[in-house]
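Worksheet for the structure shown next.
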Amino acid sequence: MDERIVMVDSGTGLALTERQLDERSAAASILLRRRGVRPGDTVLICLSVGPALLVVTDAVIAVGGIACPVPAELDEARLRERIRDSSARVMITDLRAAVRAAEESRVRMVLGAADLGRHGDALRQSGHGEPRTSGNWPRV
């Protein structure tokens, strides 16, 4: 029986199967819980469209969080506005502009997509690099 492909990364051509999505989302949701994300928490997700965005969104929903996507292509001023208006305290991003835009917001924890894989491996295989966090916030 063939595994169902749920997404193909247009940048890398790598396919994400249903089983991989489930495994990676489960691992990421465990790490989100360990980092203190609780049901009802709003979590900003500012990632480029691709497998990591899908995995992270599923993981946030799995812990009962409210996934608040922010388009990665927004300019820094618009990012700042969206982040401020969300009142979120957690953000998942690999974008320096998003980290800078969150500096005067309620965001207190910034995670990179790679932080939520098995030691970073699960999401890094999806073509995403190391997370970038602000020096003011704990790298978790």
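The values are calculated or read from the model by the stated rules, or taken from the named source; none is laboratory data. Just so it is clear, the model here is predicted, and its values are computed rather than measured. Cβ: placed from backbone, ideal geometry, glycine included. Neighbour counts: every protein chain shown.
Of note:
- Residues that are under 18 Å from Leu31 (Cα atoms) and within 13 Å of the chain's Cα centre (by Cα), drawn from the stretch 69-95: Val90, Met91, Ile92, Thr93, Asp94
- Residue in the stretch 72-93 that is at pLDDT 95 or above and at positive phi present: no
- Sole exception among (1) assigned to a helix (DSSP H, G or I); (2) under 15 Å from Met109 (Cα atoms); (3) in contact (Cβ under 8 Å) with a residue 60 or more places away in the chain for Ala98, by number: (3)
- One residue from Asp9, Asp58, Asp94, Asp2 being exposed (fewer than 14 other Cβ atoms within 10 Å of the Cβ) and charged (D, E, K, R): Asp2
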